[in-house]
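**Student:** Take a look at the following structure, please.
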Amino acid sequence: MLNPFDIVIFGGGGDLALRKLLPAMYRAYQEGNLPEGSRILPTVRGQEQQQEYIETAHQALKSFLSDGEFNDKDWQAFSTYLIPVVINVTEADDNWNELHKILNSDAEDKSRVFYLSLPPAVYGQCCEILSSKGLITETSRVVVEKPIGYCGKSAEEINARIAEFFKEEQIFRIDHYLGKETVQNLMALRFSNALFENLWDAKTIDNIQISISETVGLESRAGFYDKAGALRDMVQNHLLQLLCLVAMESPHKLNAKSIRTEKLKVLEALRPLLGEDVDNNVVRGQYVPGELGGKIVPGYLEELAEGASTTETFVAIRAHIDNWRWSGVPFYLRTGKRMKQRCAEIVVEYKPVSHNVYGNNVGPVQPNRLVIRLQPEESIQLTLMSKKLDKHEMQLQPVTLNIELSDQYENGFHSDAYKRLMLDAAANNPSLFIHRQEVRRAWKWIDPIIARWQEKGAPSLYRAGSWGPEAADELLEECNHKWFNVG
Ligand code: BG6
C-alpha cells in the first residue's frame, strides 16, 4: 500500500482534470488505493470557482464515470480529500503562500506531486514560482502532459526550463497510453512467453501494424488541435511509444532505467524519413463531411469554422527499424479522427509457411496473425490455420483463439490509465513515464516530416466515417499488404 501523498493539480478546473484526473483519483479511492491522509489540491483561478469547486467535481464525476461507478456514499468520502486552492500559475502572488501553508502543515517527507494540467507554454513559469516559493522538496515530483513542444527545439526549451527546478528523476512525462492495462500486458506477453519471444523478429514476422482510430472530431479543442495536428498529437508520443514496446529488446530488469534504455535504442534505430522519403512513406489526411454512426457529420474545416487549414487529422506511415531483429519488416503506423470505428490495436502478421504441403485445393493457407487490441475492448486474438473438422476430405480454415482481458478484472476494478500513472507518480515509480532523451529522439524523427509538409503538398481528403484516404491503402498495397480493419 502506498504512503499518503499530496497531489496538486494545476488547472484543476480544466477539461483534463475534470474528465480524467478526478475520475482516476475517485477510482483509486474506491479500490482502496488512495491512502488516508492523502490530499488532492486542484487549483482554480478565483474565489468563485473555489467555492463552487466541490459541486463542479461532483457533477464531473457523475457524468464522466461509467454506469455503476458513482455512488453518493463514496462521493461523500472522496470529497473530503479535495482541497481546492486559488492560484494564478503565472503570478507569484500571496495565494502561493496559502498553498505553501497547506502543504507544509504535513510531514516534510510526504510525497508531493505537482500535476501540470496546463499549456506547456506556462510550465516554466509555474515551476519557477514553485521553486521561488520554496514548495519543491526532495520528495516532490512534477508530472507534465504530452505533447512536449511543437518541435524538437521547443521541446528542448521546455525540458531545459523544467530542469532548472527539478532533477530528471523528479520529472514524470506522462503518456497515458503507457498506463493502459493492455499496453503493459504487451510487455508481459512478450517477455514471459517463450512462444512469442522466439517468434518475434524479421525471420518470422512479415509486417506489424499499429493503429489508433478515433470516431471523435475536433471536440472543443480547435485552438490546440489546429496548431498540433495528428502527427504531433498522436504519432510523436502514443504511436512511437507503442512502437518502442513492440520492437524493443527485453530489458534486463523491469526498472525504469532498463526499459527506457531499450526504448531509446528503438527510436535511435528508426530509419529517418527525409525529403522525398516523406512523400513516399507518409500519408497525411483531413476529413470532409461523411456518414458516421448513422448521421452526417461535418468536415474538419466546417468544425474549425476558420476557412482554410492544412492541418492533418490522419497520418499513416511506413517505418523501418534498422537493426538486426527488424531488418526488412515494415511497421505501419496509422491514426485518425472521425474514422469508421474507435479502435486501438497492434496487429502482427506472420510470414506464410515456407512450403504449402496442402496445395491450393484445400483452401488458401493464411499466415498467422496476432492482434492485441487495446480498445474499445481489451483482447488478444491469435489466428491459426486448422482442419475443418466435420469434413471427411482435408479442408483448411482459419480459427481464432480469443482472450477477452476485461473478463479477468476482479469485481470493482476499472482499467484507467490515468489512475495507474498518477499512483505511480505518487509512489515515485517512473517506469511508465518518458525520459527526456526519448522526447528528443522522437522529435528528431518527426521534425523532418513536418518540415517536408511545410514545403510541399496538402493533405489527402477522406470522408468522415471511412478508414482514411485511399493513399493510405495504396501505401500498403505497394508492398502487397492490407490494413487490418476491425469489423
Ligand atoms: C490524447 C490526444 O492524447 O489522446 C487526443 O490529445 C486523443 O486527441 C486521445 O483523442 C485519445 O486517447 P484514448 O485513450 O481515448 O485513445
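Residue-wise test of (1) among the hydrophobic types (A, V, I, L, M, F, W, C); (2) more than 18 Å from G12 (Cα to Cα); (3) surrounded by 18 or more Cβ atoms within 10 Å (Cβ to Cβ); (4) not assigned by the TED database to the domain that holds R27.
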{"position": "F64", "(1), (2), (3), (4)": "yes, no, no, no"}
{"position": "E69", "(1), (2), (3), (4)": "no, yes, no, no"}
{"position": "P84", "(1), (2), (3), (4)": "no, no, yes, no"}
{"position": "L99", "(1), (2), (3), (4)": "yes, no, yes, no"}
{"position": "P120", "(1), (2), (3), (4)": "no, no, yes, no"}
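**Student:** Now, a different point. Just one of (1) under 19 Å from the mean Cα position of the chain (by Cα); (2) more than 13 Å from the ligand (Cβ to nearest atom); (3) surrounded by fewer than 22 Cβ atoms within 10 Å (Cβ to Cβ); (4) of a type in the set (A, V, I, L, M, F, W, C) trips up A247, so point out which.
**Tutor:** Failing condition for A247: (3).
**Student:** Identify, please: which residue in the stretch 156-175 is within 16 Å of the ligand (Cβ to nearest atom) and either among the charged types (D, E, K, R) or surrounded by fewer than 21 Cβ atoms within 10 Å (Cβ to Cβ) (or both) and is, among those, nearest to the chain's Cα centre (by Cα)?
**Tutor:** The selected residue is D175.
**Student:** Could you look through the stretch 436-487, keep only residues that are over 23 Å from R342 (Cα atoms) and polar (S, T, N, Q), and pick out the one that is farthest from the chain's Cα centre (by Cα)?
**Tutor:** The qualifying residue farthest from the chain's Cα centre (by Cα) is N480.
**Student:** Restricting to the stretch 277-309, what's the tally of residues that are part of a helix (DSSP H, G or I) and over 30 Å from C479 (Cβ atoms)?
**Tutor:** 4
**Student:** State the number of residues belonging to the stretch 455-487 that are over 16 Å from F314 (Cα atoms) and in a helix (DSSP H, G or I).
**Tutor:** Result for the stretch 455-487: 2.
**Student:** Within the stretch 310-337, count every residue that is of a type in the set (K, R), within 16 Å of the ligand (Cβ to nearest atom) and either out of contact with any helix residue (DSSP H, G or I) (no Cβ under 8 Å at 6 or more places or on another chain) or part of a strand (DSSP E or B) (or both).
**Tutor:** 1
**Student:** Being in a loop (DSSP other than H, G, I, E, B) and surrounded by fewer than 14 Cβ atoms within 10 Å (Cβ to Cβ) is the filter here; which residues of the stretch 392-412 pass it?
**Tutor:** Within the stretch 392-412, H392, E393, M394, Y409, E410, N411, G412 meet the criteria.
**Student:** Across the stretch 190-221, what is the number of residues that are farther than 16 Å from E345 by Cβ and within 12 Å of the ligand (Cβ to nearest atom)?
**Tutor:** The total comes to 6.
**Student:** Could I ask something else about it? On the basis of being in a loop (DSSP other than H, G, I, E, B), surrounded by fewer than 19 Cβ atoms within 10 Å (Cβ to Cβ) and either in the same structural domain as T139 (by the TED database) or more than 16 Å from the ligand (Cβ to nearest atom) (or both), does L389 make the cut?
**Tutor:** yes
**Student:** Within the stretch 315-357, how many residues turn out to be surrounded by 16 or more Cβ atoms within 10 Å (Cβ to Cβ) and in contact with a strand residue (DSSP E or B) (Cβ under 9 Å, 6 or more places away or on another chain)?
**Tutor:** 28
**Student:** Then there's this: From the list R221, R271, R232, exactly one residue is modelled with pLDDT of 95 or more, over 17 Å from I321 (Cα atoms) and out of contact with any Phe, Trp or Tyr (no Cβ under 6 Å at 6 or more places or on another chain). Which is it?
**Tutor:** That would be R232, the only listed residue that is modelled with pLDDT of 95 or more, over 17 Å from I321 (Cα atoms) and out of contact with any Phe, Trp or Tyr (no Cβ under 6 Å at 6 or more places or on another chain).
**Student:** Now for a different question. How about the stretch 471-486: which of its residues are out of contact with any strand residue (DSSP E or B) (no Cβ under 7 Å at 6 or more places or on another chain) and under 13 Å from R334 (Cα atoms)?
**Tutor:** Passing the criteria: D473, K482, N485.
The values are calculated or read from the model by the stated rules, or taken from the named source; none is laboratory data. The structure displayed is predicted, hence computed values, not measured ones. Neighbour counts are summed over all protein chains in view; Cβ atoms, including those assigned to glycine, are modelled from backbone coordinates with ideal geometry.
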